[in-house]
Amino acid sequence: MRIALPFLPYRTPKVYDSVQEILPLLLDKGYKRVLLVTDKSIRALGLTLSLEQALQQKGIACAVYEDTCPNPTVQNVESARELYLKESCQCIIAFGGGSPMDCAKAVGARIAYPKKSLRGLKGLLRVRRAIPMLIAIPTTAGTGSEVTLTAVITDTEKKDKYTINSFPLIPSIAVLDPEVTYSLPPHLTATTGMDALTHAVEAYIGRSTTKQTRAQSLHAVRLIFENIKRVYDCGQDYTARANMLQAAYLAGLAFSKSYVGYVHAVAHSLGGRYNIPHGLANAVLLPHVLQTYGAKIHKKLYALGRAAGVVDAADCYATGAAKFIEAIKKLNQSMNIPQALSGIRREDIPLLAAHADQEANPLYPVPVLMDADELKLLYELVIS
């Protein structure tokens with residue numbers, strides 16, 4: 001994968017600093033009808049109101065799909081797609097956290113492939129046609145979905161969660177506007193921020209890194225450790241919010257190329273089975289998975305700890321790794337993130353581990369390979 005990276009069609013979204021900046025773009029493109037994909041909580045907070053009003057004032061019709069679930073479902077995607085077609089929309093605006101963005105990406109994939117099911121587009125590089133222009137406006141600083149080629153979809157009938165990974169799903173525009181993140185509750189600020197940390201860490205410790213992705217990961221880790229507690233304590237700290245958006249963006253760029261690991265594979269299985277929020281699952285799992293990898297990643301964790309400001313230059317690699325893992329645990333505790341996850345049933349663990357094994361192996365370039373039996377132990381570590 002590392003050898004192939006320079007030849008793959010990655011692209012970086014154009015970054016805007018304000019929601020209002022997208023209006024001239026839409027007018028220049030001649031778009032008269034857009035689909036806004038969001039969720040009920042975002043809309044209830046009034047976060048989309050100024051955009052909807054501005055679109056109306058410019059004569060651009062806006063169809064709103066607001067029923068996106070925390071873990072977007074196949075039904076969410078199909079319903080939003082039907083609205084897009086019914087209203088003759090020309091582009092898609094995703095407004096919210098990773099769920100609306102994943103839903104919007106999958107809608108774009110289904111528009112490009114009207115005769116294929118979502119499951120038929122599952123996996124790597126199944127979407128090769130261009131999707132409608134996608135504008136991503138993150139209201140959380142965590143998922144990095146505004147820059148990634150990935151959509152994560154839940155099949156509620158099969159109790160399964162899977163990814164669609166294709167380059168056309170990378171949004172054309174990413175709007176990093178700190179003001180739309182002000183209303184994010186502290187617990188979501190915490191778990192989405194830890195989601196971004198997980199992206200940066202897993203991108204850094206894997207076996208498919210580049211000089212660029214390593215630098216992006218280290219920068220993201222530094223920004224997160226410097227700012228996440230600030231935004232948790234004071235949600236309207238503009239500078240800290242902007243820094244967290246930048247961190248999530250950088251981590252998203254890093255893991256788009258270097259991929260993630262077993263933290264994500266296990267978290268996805270838990271989200272699909274029990275609807276456990278992805279950021280929460282990642283936050284709880286991260287220190288346990290890092291400890292399980294063992295000495296193989298001590299040097300890399302030492303480097304991450306140095307970037308985070310929690311490891312001394314004089315520390316040996318093992319000490320540095322231990323300090324970094326402990327700092328993650330303390331960060332979780334300081335933001336009231338639990339040490340375990342409720343609702344996991346032991347009788348489900350073999351099936352969950354099988355799903356995680358299928359997702360991660362051989363796609364994810366993990367530092368230490370584990371089979372389904374070894375993955376079962378990770379669930380035991382976080383069961384409440």
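The values are calculated or read from the model by the stated rules, or taken from the named source; none is laboratory data. Since we're looking at a predicted model, the values are computed, not measured. In this analysis, Cβ positions are derived from the backbone assuming ideal geometry, glycine residues included, and neighbour counts consider all displayed protein chains.
Within region 127-142, count every residue that is in contact with a strand residue (DSSP E or B) (Cβ under 7 Å, 6 or more places away or on another chain) and either buried (at least 21 other Cβ atoms within 10 Å of the Cβ) or in a loop (DSSP other than H, G, I, E, B) (or both).
Counting residues in region 127-142 that are in contact with a strand residue (DSSP E or B) (Cβ under 7 Å, 6 or more places away or on another chain) and either buried (at least 21 other Cβ atoms within 10 Å of the Cβ) or in a loop (DSSP other than H, G, I, E, B) (or both) gives 7.
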State the number of residues belonging to region 22-35 that are exposed (fewer than 13 other Cβ atoms within 10 Å of the Cβ) and in a helix (DSSP H, G or I). 3
Against the conditions (1) outside any helix (DSSP H, G or I); (2) in contact with a helix residue (DSSP H, G or I) (Cβ under 8 Å, 6 or more places away or on another chain); (3) over 26 Å from ALA196 (Cβ atoms), where does SER88 fall short? Just the number, please. (2)
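Got a sec? Which of SER208, SER145 is buried (at least 20 other Cβ atoms within 10 Å of the Cβ), in a loop (DSSP other than H, G, I, E, B) and not basic (Lys, Arg)? Steps first, please.
Details: SER208 fails: buried (at least 20 other Cβ atoms within 10 Å of the Cβ).
Answer to the selection: SER145.
Considering only region 361-382, state which residues are of a type in the set (A, V, I, L, M, F, W, C) and modelled with pLDDT of 95 or more.
Residues satisfying the conditions are VAL366, VAL368, LEU369, MET370, ALA372, LEU375, LEU377, LEU378, LEU381, VAL382.
On the basis of being among the small types (Gly, Ala, Ser) and part of a loop (DSSP other than H, G, I, E, B), does SER50 make the cut? Steps first, answer last, please.
Numbers: among the small types (Gly, Ala, Ser): yes; part of a loop (DSSP other than H, G, I, E, B): no.
No, not satisfied.
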For a quick check of your reading of the model, give me the residue pairs whose first member lies in region 144-157 and is without any contact (Cβ under 8 Å) to a residue 40 or more places away in the chain and closer than 10 Å to PHE255 by Cα, whose second is outside any strand (DSSP E or B) and not charged (D, E, K, R), with beta-carbon atoms closer than 7 Å and at least 6 apart or on different chains. none
Show the residue pairs that are 6+ apart or on different chains and have beta-carbon atoms under 8 Å apart, the first residue being within region 50-66 and within 11 Å of THR38 (Cβ to Cβ), the second being in a loop (DSSP other than H, G, I, E, B). VAL64/THR38; VAL64/THR48; TYR65/THR38; GLU66/THR38
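Only one residue in LEU341, LEU363, LEU377 is assigned by TED's automatic domain parsing to the domain that holds CYS234 and either over 27 Å from SER208 (Cβ atoms) or without any contact (Cβ under 8 Å) to a residue 60 or more places away in the chain (or both), so which one is that?
Details: LEU363 fails: either over 27 Å from SER208 (Cβ atoms) or without any contact (Cβ under 8 Å) to a residue 60 or more places away in the chain (or both); LEU377 fails: either over 27 Å from SER208 (Cβ atoms) or without any contact (Cβ under 8 Å) to a residue 60 or more places away in the chain (or both).
Matching residue, one of LEU341, LEU363, LEU377: LEU341.
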Does any residue in region 78-104 that is within 22 Å of GLY252 (Cβ to Cβ) come within less than 8 Å, Cβ to Cβ, of a residue that is crowded, with 22+ Cβ neighbours inside 10 Å and among the basic types (Lys, Arg) six or more places away or on a different chain, and which pairs are these? ALA94/LYS105
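Residue-by-condition table, conditions (1) of a type in the set (Val, Ile, Thr); (2) buried (at least 24 other Cβ atoms within 10 Å of the Cβ); (3) modelled with pLDDT under 95; (4) within 24 Å of VAL382 (Cα to Cα):
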{"residue": "SER258", "(1), (2), (3), (4)": "no, yes, yes, no"}
{"residue": "GLY261", "(1), (2), (3), (4)": "no, yes, no, yes"}
{"residue": "HIS268", "(1), (2), (3), (4)": "no, yes, yes, yes"}
{"residue": "ALA307", "(1), (2), (3), (4)": "no, no, no, no"}
Could you give every pair whose Cβ atoms fall below 8 Å, whose first residue belongs to region 117-133 and is touching a residue at least 24 places away in the same chain (Cβ under 8 Å), and whose second residue is part of a loop (DSSP other than H, G, I, E, B) and among the aliphatic types (A, V, I, L, M), counting only separations of at least 6 or pairs across chains? LEU121/VAL127; LEU124/LEU363
Tell me which of these ILE276 doesn't satisfy, since it passes every other one: (1) outside any helix (DSSP H, G or I); (2) at pLDDT 95 or above; (3) among the aliphatic types (A, V, I, L, M). (2)
